[in-house]
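Input: a single structure, listed below in structure tokens.
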Amino acid sequence: MASVEAESSFENKPIAIDTLPRYQEVGLNGISKKLLIKNLIQISVWFLAFLLLCGYMFFYTEERFLITIVAAAGFLLFSFLYFNAWKIQKIYGYAIRERDIIYRKGFLITNTTVISFNRIQHVSISRGVLDKMLGISTLSIFTAGGSGSDISIPGLEPELAQTLKEALVIKISEDGDATIQ
């Protein structure tokens, strides 16, 4: 009898969509221009390796026409990668609101992720060799049920990354226990 009463008192009223907060209207913070330099360096290293391989193949094989076609296709691919690195720099953005964090990335396909603080399990900061040389960090945010980070914000100044990490840990500790790495 009690379960019938509990089931009959359950309500799930619809929410008016126009009353929901609009993440698109939030002003996002950009990331450091040093990330563009890092991306250009990485692309250039691969482009140089590709050119050396094409040059070797051109002089030491008899399939010069095929190598020329591959080199032209590679040139177009790397041209797109350089353009994409430059264009994507303007798209990266993040914002921390009262209850969540927003992160936007992508150029051809823009991806915006909004994660509420009560879903965050832990936050970490990483820096690779180029990151250390350029003075940037990546802030990674992990949520429950994910195998990897749900948000990785690259190109942050190390002090800013640490400040954001501490702010997120404070926010998520208000909602539950937080793990710091």
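Read-outs throughout are calculated quantities, based only on the coordinates presented, and are distinct from any laboratory measurement. Everything quoted here is computed from the prediction, not taken from an experiment. All Cβ positions, glycine included, derive from the backbone under ideal geometry; neighbour counts span all protein chains shown.
Structure notes:
- In loop segments of the range 10-66 as defined by DSSP, the chymotrypsin sites (Phe, Trp or Tyr not before Pro) with at most 12 further C-beta atoms inside 10 Å of their C-beta are Phe10.
- Cβ-placed point charges (K, R +1; D, E -1), dipole of the range 54-137 about Cα centre in debye, nearest 20: 460 debye
- Cβ-based charge dipole, the chain, positive-most Cα from Ala16, Ala161, Ser124: Ala161
- Stretchable slack from Leu52 to Met133, in nm (0.36 nm times residue separation minus alpha-carbon distance): 26.6 nm
- Loop-located GluC sites (Glu not before Pro) across the range 21-107 with a Cβ neighbour count of 16 or fewer within 10 Å are Glu62, Glu63, Glu98, with loop assigned by DSSP.
- Prolate/oblate/rounded label for the chain (Cα gyration tensor, a/c 1.5): prolate
- Pairwise label distance in nanometres, Ile15 with Ser152, each label 7 Å out on the Cα-Cβ vector: 3.0 nm
- Chain lengthening between Thr112 and Arg22 when straightened (0.36 nm per residue, less Cα-Cα): 31.2 nm
- With the simple spin-label model, which puts each label point 7 Å out from Cα in the Cβ direction, the Phe65 to Lys33 separation comes to 4.7 nm.
- Calculated [θ] (222 nm, deg cm²/dmol) that DSSP helices of n ≥ 4 give over the chain, each run adding -39,500 (n - 2.57): -16000 deg cm²/dmol
- Just checking the listed ones, Ile41, Ile125, Ile67: in the Gaussian network model of the chain with Cα springs under 10 Å, the one fluctuating most is Ile67.
- Which listed pairs, of Lys87/Lys171; Lys33/Lys165; Lys90/Lys132; Lys33/Lys105, have C-alpha distances above 24 Å, in listed order: Lys87/Lys171
- Candidates Ser137, Ser32, Ser44, ranked by Gaussian network fluctuation over the chain, Cα under 10 Å, top entry: Ser44
- Dipole of the chain, positive direction: furthest Cα of Leu77, Ile136, Ile91, with charges on the beta-carbon: Leu77
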